[in-house]
1. Name every residue in the stretch 57-76 that is of a type outside the set (Val, Ile, Thr) and open to solvent by 60 Å² or more (accessible area, probe 1.4 Å), in order of residue number.
2. Just name the residue that is nearest to the chain's Cα centre (by Cα) out of those in the stretch 43-56 that are without any contact (Cβ under 8 Å) to a residue 12 or more places away in the chain and open to solvent by 60 Å² or more (accessible area, probe 1.4 Å).
3. For the stretch 17-42, which residues satisfy the criterion of being over 16 Å from the mean Cα position of the chain (by Cα) and touching a residue at least 24 places away in the same chain (Cβ under 8 Å)?
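The values are calculated or read from the model by the stated rules, or taken from the named source; none is laboratory data. Treat the numbers as computed from the prediction; the structure is a model and nothing was measured. Cβ placement follows ideal geometry from the backbone for every residue including glycine, while neighbour counts extend to all protein chains displayed. Surface areas here come from the heavy atoms of the whole protein model, side chains and all, with no ligands, DNA or RNA. Shrake-Rupley method; radii C 1.70, N 1.55, O 1.52, S 1.80 Å.
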Amino acid sequence: MATDLTERVQEIAEARDIPESEILEQALERGVEDLWMDVVLSRYVNDEIDRERAIELVGRDRVKRADRELQVVGEDVRWGLNA
């Protein structure tokens, strides 16, 4: 797996004509951003932060998507209980 990762980093660096270290930096930034959004949305869904605060932190579109996903899960659970 480490070899695959190293090869991917090398290939991306070559394709973008930038150093591998920059690719790793960008990957880390993207990963941390994704993890941060997960934490914020989890806190929102668990009523640990309110909707407006979640919107401030991750944006209205992401909060709306989380609301829709939560609604769909709720509908599935209700359907399963009544089936």
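1. Looking only at the stretch 57-76, we keep the residues that are of a type outside the set (Val, Ile, Thr), and these are 57, 59-62, 64-71, 74-76.
Residues satisfying the conditions are Arg60, Asp61, Arg62, Lys64, Arg65, Arg68, Glu69, Leu70, Gln71, Glu75, Asp76.
2. Quick first cut of the stretch 43-56, residues without any contact (Cβ under 8 Å) to a residue 12 or more places away in the chain only: 43, 46-50, 52-53, 55-56.
So of that shortlist, the ones also open to solvent by 60 Å² or more (accessible area, probe 1.4 Å) come out as 43, 46-48, 50, 52-53, 56.
Details: Arg43: 14, Asn46: 17, Asp47: 19, Glu48: 18, Asp50: 19, Glu52: 19, Arg53: 17, Glu56: 16 Å.
For the stretch 43-56, the residue satisfying everything is Arg43.
3. none
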